[in-house]
1. Per DSSP H run of at least 4 residues, take -39500 (n - 2.57); add these up for the chain, divide by its residues and hand me the 222 nm value, nearest 500 deg cm²/dmol.
2. Can you find, among Leu284, Gly260, Leu96, the residue sitting farthest towards the positive end of the charge dipole of the chain, where Lys and Arg contribute +1 and Asp and Glu -1 at Cβ?
3. If I take R0 = 45 Å and measure r between the Cβ atoms of Trp312 and Thr132 in this structure, what FRET efficiency does the formula 1/(1 + (r/R0)^6) give, to the nearest 0.05?
4. Find the lysine pairs in the chain meeting two conditions, Cα atoms under 20 Å apart and a separation of 8 or more places or different chains, and report how many there are.
5. If you wrap the chain's Cα atoms in a convex hull and average its projection over all directions, what's the area in nm²?
6. Indicate the helices, whole DSSP H runs only, in the chain that combine a mean Kyte-Doolittle hydropathy of 0.5 or more with a Cα extent along their long axis of 20 angstrom or more.
7. Is there a quick way to get the dipole size of the chain? I mean about its Cα centre, with the Cβ of Lys and Arg at +1 and of Asp and Glu at -1; what is the value in debye to the nearest 20?
8. How much length would be gained if the chain were fully extended between Lys6 and Gln180, taking 0.36 nm per residue of separation minus their Cα-Cα distance, in nm to one decimal?
Amino acid sequence: MTDNSKSNLMHIGVLVVLFALFFILPVYHAGNMSRIMVLAVYAMGFNLLFGYTGLLSLGHAMFFAAGMYGFGLTTNLGGLPVPLAFGFGVICAGVLALVVGFLALRTIGVAFMIVTLMFAQTAYLVVLYFGTYTRGDEGFVIQQAQRSIAGIDLTSETGRYFTALLIFGICFLLIARLVQTPFGKTLVAIRENEERTRMLGYDSHRHKLKILVISGLFSGVAGATYALLFGYVGATFATVQYSIFPLVWVLLGGAGTTIGPLIGVFFMFYLINISSGFTDAYMLVVGVVLVLLTLFAPHGLAGLLRKKVLTWLP
């Protein structure tokens, strides 16, 4: 069996396991998995830029928030049906990523990190400035009646879980295919040695702009999905904290792996969930665990698996 065949089988197997979990897990944990799958889409979008291309963005929350507010505002204020509002949110994230990429990719290294952080902070301030519509830090709720498609209630446990699984599955398989294409291989080459990649005739700037837009689109999908399934839109999701989260998730799970973001979100979510049940200083526990993982598994959990056991892991 070829490495690509093993990879395809692994991706399908993950989706089968996630499907089966709904019928096994208690309601509380099934609800957690819905949230984890949505956030994993966000982490996967970030991973395309950071893990596969080597570009560290500290402003990805603006794309997540663009998808969220694009969906939420057009649903609440514009009265658009869910499919149109969802599409509008994703387009908002993609357009924002194109504009930011066009400007930010004029810089490299630390400067790129700082510029993306500045853009994200600007986006956050814009949300606060237009508080009449966005409700600022308080945010707003999308009514249950507005969160349905073709009579299917997406606020129910079943509707929420399988919608999250459907969107996660589509994004998961798309990314799995993307990294196997010549375009995906070129991204890895840019990450490893951009100068040599340019010498071979590849337009590295165009590739980086494309992947930044694609990354922004995936993040926008996650933001719109979060607003759709959980019914809340707030400025908190545009803060620097939500730009740092995907970086932590990807580092924990394994940068440059397709399964790493899901593992990272799952691990971080339950690490906080469990440790907060024992102590108020749960972030201290989280910090210690993160330091230990960084020391003993610097390539993340999936990276460790790829190094020790599954050498074919994409």
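1. Details: 13 runs with 230 residues, N = 314.
The per-residue figure over the chain is -24500 deg cm²/dmol.
2. Gly260
3. Working: r = 53 Å, r/R0 = 1.19.
Plugging the Cβ-Cβ distance into 1/(1 + (r/R0)^6) gives 0.25.
4. Working: Lys6/Lys185; Lys6/Lys307; Lys6/Lys308; Lys185/Lys208; Lys185/Lys210; Lys185/Lys307.
Close lysine pairs under the 20 Å cut-off: 6.
5. 17.0 nm²
6. Helices meeting the span and hydropathy rule in the chain are 3-24, 27-50, 61-76, 82-104, 109-129, 157-178, 204-230, 260-275, 282-296.
7. Once rounded to the nearest 20, the dipole reads 720 debye.
8. On the way: separation 174, 0.36 × 174 = 62.64 nm, distance 1.26 nm.
Taking Lys6 through Gln180 to full extension adds about 61.4 nm, to one decimal.
Each value in this text was obtained by applying a stated rule to the coordinates, not by laboratory testing. Everything numeric here is computed off the predicted structure, so don't read it as measured data. Positions of Cβ are backbone-derived with ideal geometry, glycine not excepted, and every protein chain shown enters the neighbour counts.
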